[in-house]
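In what follows, a single structure is set out as structure tokens and then discussed.
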Amino acid sequence: MNEKLQNQLYEKYPKIFGQKDGDPARTAMCWGISCGDGWYNILDNLCFLIQRHHDDPREELERYHKYLEMSVEKNEEDNIEFWTNKIEETKQLIENRPQTQAMQVKEKFGSLRFYVDTVDPEIDAYISFAENMSSCTCEKCESPGNQS
């Protein structure tokens, strides 16, 4: 991928590409994104979904705190207990969900490969979808295509 597009992804998703300056013995991201420019939008959408997966619980937590405050103001004991429990569940989810980082991004056998350090079923589904989309998208120009 050309340096300009690669840097756009790095700047837009610094948490995902935190390994870009890493030790070659630990990560292949030090070699950059090794695929054509035609897959830029696939990668951009994939990274957006992965980062949203990590950020959504934090945004929910803020909303739950507001609901708890409103319940306290109205002295709604059932709601206070509900939102308190929801806040604790969400805090645990955040603590137990490490930030996914890319370890290698490349073309292999005509499709995208996006290797990460941690994965859960949702992120795995996002990656599989992006890899499948790349197999019917030209790596050079982004036009519909097929593996040949």
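Every number here is computed from the coordinates shown, using simple stated rules; none is lab data. Quantities reported herein were computed from a predicted structural model and do not represent experimental measurements. A quick note on method: Cβ atoms are made from the backbone with ideal geometry, for glycine too, and the neighbour counts reach across all protein chains shown.
List of remarks:
- Cβ-based net charge around S128, under 12 Å, with every Lys or Arg adding one and every Asp or Glu removing one: -2
- Relative contact order of the chain, defined on C-alpha pairs under 8 angstrom at six or more residues apart (%): 29
- Over segment 56-96, the Kirkwood radius and the radius of gyration, each from Cα atoms, give a ratio Rg/Rh of 1.01.
- Cross-link partners of K4 among aspartates and glutamates (Cα-Cα below 15 Å; sequence separation of 8 or more within a chain): D37, D44
- Counting every pair of alpha carbons in segment 14-148, the share spaced more than 26 Å apart comes to 40 percent.
- Between the alpha-carbon centres of segment 10-42 and segment 72-148 there is a gap of 16 Å.
- Among complete DSSP H helices in the chain, those whose alpha-carbon atoms stretch at least 27 Å along the helix's long axis and whose mean Kyte-Doolittle hydropathy reaches -1.0 are 40-73.
- At R0 = 25 Å, FRET efficiency that the Cβ-Cβ distance of E60 and M103 yields, to 0.05: 0.35
- Calculated FRET efficiency for the pair K12/V72, C-beta based, R₀ 30 Å, to 0.05: 0.20
- In plain terms, the chain from H53 to D117 could stretch by 21.5 nm, reckoned as 0.36 nm per residue minus the Cα-Cα distance.
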